[in-house]
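The values are calculated or read from the model by the stated rules, or taken from the named source; none is laboratory data. Source: prediction; values computed, not measured. All Cβ positions, glycine included, derive from the backbone under ideal geometry; neighbour counts span all protein chains shown.
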Amino acid sequence: MASSIFPPAAILGVRAALVDGDWVPGDVEVRDGRVTRVGVAPAGRGGVAVPGFVDAHLNGFAGVDFLAADVAGHARAAAALAATGVTGHVPTFITSPPEAYGPALAAAAAAAAASETAGSGPDTVPAGEPAGAPWRGSRVLGVHFEGPWLSPRWPGAHDPASLREPDVGEALALCAYGPVVLVTLAPERPAALDVVAALRRCGVAVSIGHTDADAAAVRAALDAGARSVTHLHNAHRRWAARDPGPAGVALTDARAHVMVIVDHVHLAPETAALAWAAAGPRLVLVSDAMEAAGQGDGTYRLGDRTVTVRSPSR
């Protein structure tokens, strides 16, 4: 897609490019926002050109919390994400009181529309931005609802007081209100499989997470249409030799994409390597970033919760 943020022709100044998994030495030429040549001599001094990253799970970025963001906030986060190589992202809404979702969905829908049309010319301006300021950053690909239909045994950072029983009517109403593309839920909860099936009929992807489901319940969710597990090994029933739970099924069932946070904090390096060895192309790297990402010490939002960030003492 051509974009007004690029000059008509440019050389990126990189030393190589990754093309369909192959290393191609040399620079990259871009014309009107499209790659026209790779392997251009002489090679540049910079890094390596790779396809843009897509982050399917992040709660905020660079001082922006997506649940509280207006369209201008989405645009700021999108610009900061693009600087890290992310060209498409799915804002995540953490479990919250029902009244928080409507305004957040409306803002995300407007941001998605603005980013979708970006590149059509210099007059593409997201609502809330100054006239003449086009969308410059990662595309908003839709919304990820992480909750509120999660297990109270594995809430993680979610407020247990806002968790609710799965309800088909509520799920369909939320999806009708805004651009929902992904929902994470706990499939062992009452009516959860009905919600999975209803969401799939509406074209919404379903992920299994924050769950106490055993292997049988996870397989039942996959049978109903779920197709991924959210942040493997984090905030769900633990793997055991005779009770493999979500992790055991995700790593062995070819239907499941496996989302992992590979920051050497959420998973040990050996655990991440094992997930890659087992899942291979089904592995999906996500950041699960929040408003504090890219910022310094301070107090930040995560939905309706407050998070204090302090650097470790040295």
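Within segment 86-105, is even one residue farther than 22 Å from Ala205 by Cβ, among the β-branched types (Val, Ile, Thr) and in contact with a strand residue (DSSP E or B) (Cβ under 9 Å, 6 or more places away or on another chain)?
no
Provide a single number: the residues in segment 171-185 that are surrounded by fewer than 20 Cβ atoms within 10 Å (Cβ to Cβ) and without any contact (Cβ under 8 Å) to a residue 60 or more places away in the chain.
Result for segment 171-185: 3.
Which of the residues that make up segment 67-88 are touching a helix residue (DSSP H, G or I) at 6+ places or on another chain (Cβ under 8 Å), assigned to a loop (DSSP other than H, G, I, E, B) and under 16 Å from Leu141 (Cβ atoms)?
Ala69 - this is the single residue of segment 67-88 that is touching a helix residue (DSSP H, G or I) at 6+ places or on another chain (Cβ under 8 Å), assigned to a loop (DSSP other than H, G, I, E, B) and under 16 Å from Leu141 (Cβ atoms).
Does segment 84-96 include one or more residues that are more than 22 Å from Leu285 (Cβ to Cβ), in the same structural domain as Leu185 (by TED's automatic domain parsing), crowded, with 19+ Cβ neighbours inside 10 Å and more than 15 Å from the chain's Cα centre (by Cα)? Talk me through it step by step, then tell me what you get.
Taking segment 84-96 as the starting set, the residues that turn out to be more than 22 Å from Leu285 (Cβ to Cβ) are 95-96.
Next cut, in the same structural domain as Leu185 (by TED's automatic domain parsing) only: 95-96.
Next, from what is left, pick out any that are crowded, with 19+ Cβ neighbours inside 10 Å: 95-96.
Remaining after also requiring more than 15 Å from the chain's Cα centre (by Cα): 95-96.
Checking segment 84-96: at least one residue is more than 22 Å from Leu285 (Cβ to Cβ), in the same structural domain as Leu185 (by TED's automatic domain parsing), crowded, with 19+ Cβ neighbours inside 10 Å and more than 15 Å from the chain's Cα centre (by Cα).
Identify the single condition in (1) at pLDDT 95 or above; (2) surrounded by fewer than 14 Cβ atoms within 10 Å (Cβ to Cβ); (3) over 24 Å from Leu185 (Cα atoms); (4) in contact with a helix residue (DSSP H, G or I) (Cβ under 9 Å, 6 or more places away or on another chain) that Thr252 does not satisfy, given that it satisfies every other one.
Every condition holds for Thr252 apart from (3).
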